[in-house]
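Notes follow the structure.
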Amino acid sequence: MKQQHTISFIISLFLCCSITLHAQEEKEEVAIKKDSIQLRYGLRLGTDASKLIRTALDDDYSGFEINGDYRLTKDLFIAGEIGNEEKTTTNDFLDVTAKGSYFKVGFDYNLYDNWAGADNMIYSGFRIGASTFSQTRTSYTVYSTNQYWQPQFSSTESIESSGLSAIWVELILGIKAEVFTNFYIGINAQLKGMITQDQPVDFENLFVPGFNKTFDSGRIGVGYGYNVSYLIPLFKKNKNSVKTKKEVDN
């Protein structure tokens, strides 16, 4: 009888250990593994290389832009741009130069889930932009439908309209890639909607600094940029990544 009690105890102990081990394995399987991945927080400053290239290649254009962003959370950045542009537009009836400065402010949101240690971005963004500028008309021609009896009137009198302003909004889609430590290159496309703009005397805006072409004073515009930037790290925060034991083992 004593031997039977001993055997029963051993079997019970074995079953108890088996159940405990199995429960422990299941617990480890679904346990959350927290890896300490540090995100860099700081000011990222750069320039739009496309404006510098266009300035070098296009005699009718000059421009410069400084852009930057600052990380607020893991994926949200406050961002903005400030710049200056001068563009001469010439066609059969008008020769006009737009010149002025602009700034834009808004945010970018990173849609890309980086692997450990990487800091790349596929992002969408929003901006509110404002510009102060002047328009100088150096020559113009008045089209005449009856040119046989009355030739077209032309004038080379220079007229400047200064103190003009414009406000618009932008939707942005772009990419930023860290090619070296803290050094980034990127490209973006912009869809713009004009809210309000001042018109010069006797003609309409053909180009607004920061907004680009107005397409016969339409409210929709487009733009693009090639960004080169450098991150000035200020501090780091830990980001907890969630993984199961099975993912870690793989």
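The values are calculated or read from the model by the stated rules, or taken from the named source; none is laboratory data. These numbers were taken from a predicted model, which means no experiment stands behind them. Cβ sites come from the backbone with ideal geometry, for glycine too, and all protein chains shown count toward neighbours. All accessible areas refer to the heavy atoms of the entire protein, side chains included, with ligands and DNA or RNA removed. Shrake-Rupley method; radii C 1.70, N 1.55, O 1.52, S 1.80 Å.
Within the span defined as the stretch 224-237, every residue fails to be more than 19 Å from the chain's Cα centre (by Cα), modelled with pLDDT under 90 and surrounded by 15 or more Cβ atoms within 10 Å (Cβ to Cβ). Say whether the condition of being open to solvent by 40 Å² or more (accessible area, probe 1.4 Å), at pLDDT 90 or above, on the phi < 0 side of the Ramachandran plot and in contact with a Ser or Thr (Cβ under 9 Å, 6 or more places away or on another chain) is met by at least one residue in the stretch 31-38. Within the stretch 31-38, not a single residue is open to solvent by 40 Å² or more (accessible area, probe 1.4 Å), at pLDDT 90 or above, on the phi < 0 side of the Ramachandran plot and in contact with a Ser or Thr (Cβ under 9 Å, 6 or more places away or on another chain). Taken over the stretch 176-196, the criterion of being open to solvent by less than 60 Å² (accessible area, probe 1.4 Å) and either in a strand (DSSP E or B) or within 17 Å of Tyr109 (Cα to Cα) (or both) is satisfied by Lys176, Ala177, Glu178, Tyr184, Gly186, Asn188, Ala189, Gln190, Lys192, Gly193, Met194.
Pairs linking a residue in the stretch 159-188 that is closer than 22 Å to Ala49 by Cα to a residue that is acidic (Asp, Glu), with Cβ atoms under 7 Å and 6 or more positions apart or on different chains, are Glu178/Asp119; Tyr184/Glu178. Six or more apart or on different chains, Cβ under 7 Å: which pairs go from a residue in the stretch 70-98 that's touching a residue at least 40 places away in the same chain (Cβ under 8 Å) and farther than 25 Å from Gly46 by Cα to one that's small (Gly, Ala, Ser) and assigned to a strand (DSSP E or B)? Could you list them? Between residues of the stretch 70-98 that are touching a residue at least 40 places away in the same chain (Cβ under 8 Å) and farther than 25 Å from Gly46 by Cα and residues that are small (Gly, Ala, Ser) and assigned to a strand (DSSP E or B), the close pairs are Asp95/Ser139.
What's the total number of residues in the stretch 203-212 that are modelled with pLDDT under 90 and either under 22 Å from Glu65 (Cα atoms) or of a type in the set (Asp, Glu) (or both)?
Applying the first criterion (modelled with pLDDT under 90) to the stretch 203-212 yields 203-206.
Now narrow it down to the ones that are either under 22 Å from Glu65 (Cα atoms) or of a type in the set (Asp, Glu) (or both): 204-206.
Looking only at that region, the number is 3.
Scanning the stretch 79-127 for residues that are open to solvent by 80 Å² or more (accessible area, probe 1.4 Å) and modelled with pLDDT of 95 or more yields Ile82, Lys99, Phe103, Phe107, Tyr109, Leu111.
Looking at Glu170, Glu160, just one residue is of a type outside the set (A, V, I, L, M) and open to solvent by less than 60 Å² (accessible area, probe 1.4 Å), and that residue is Glu170. Restricting the stretch 53-98 to residues that are within 19 Å of the chain's Cα centre (by Cα) and not in a strand (DSSP E or B) leaves a set whose member that is nearest to Asn188 (Cα to Cα) is Asp75.
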